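All remarks here apply to the structure that follows.
The values are calculated or read from the model by the stated rules, or taken from the named source; none is laboratory data. These numbers come from a predicted model, not from an experiment. Every residue, glycine as well, gets a Cβ built from its backbone with ideal geometry; the counts of neighbours run over all protein chains shown.
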Amino acid sequence: MSSKIKERLIIGGIFTTLFVGGFLHNKTHFDELSEFGEITEATIISFRYRSDARYNLTFEYYVDGKRYISSEAVSFFRCNETDNDNKGCIGKIFKLTYSNKDPNVCEIDLGKYNWTKGYKPH
């Protein structure tokens, strides 16, 4: 077997492993929220550009008085098309589902802005 074929097989194996790993992580995340999910509110606290043409949307929420911070990769958006200062809806409140088993496992529901996530929440 030539070294080019071996190299392609190795690269293909790496991509397959990453894809399957990502799928299983998302399924586990979905299953945990389906079984142990509770609803609360999250406030958007920052919206920053990443190097991959996406933005980090960071939000905070409280469970039993304890503050949690999480983030989500999203496309660019603003809450009001005429308000250039409200990029990423900073300061706005959205529904969030968290696991009562592990509150770090969560899914923010951005409502009409869910399209920025590239998928619909569970």
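Quick rundown of the values:
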| item | result |
| --- | --- |
| Counted residues, the range 78-101 - those being in a loop (DSSP other than H, G, I, E, B) and at pLDDT below 90 | 9 |
| Residue in the range 68-84 that is without any contact (Cβ under 8 Å) to a residue 40 or more places away in the chain, touching a Phe, Trp or Tyr at 6+ places or on another chain (Cβ under 6 Å) and not hydroxyl-bearing (Ser, Thr, Tyr) present | yes |
| Flag if Glu41 is out of contact with any Asp or Glu (no Cβ under 8 Å at 6 or more places or on another chain), over 17 Å from Lys117 (Cβ atoms) and either touching a residue at least 60 places away in the same chain (Cβ under 8 Å) or not in a strand (DSSP E or B) (or both) | no |
| Residues (under 29 Å from Lys101 (Cβ atoms), of a type outside the set (Ser, Thr, Tyr) and either at pLDDT below 85 or touching a strand residue (DSSP E or B) at 6+ places or on another chain (Cβ under 8 Å) (or both)) located in the range 55-77 | Asn56, Leu57, Phe59, Glu60, Val63, Arg67, Ile69, Glu72, Ala73, Val74 |
| Selection count, the range 51-74, where residues are surrounded by 12 or more Cβ atoms within 10 Å (Cβ to Cβ) and under 18 Å from Glu38 (Cβ atoms) | 8 |
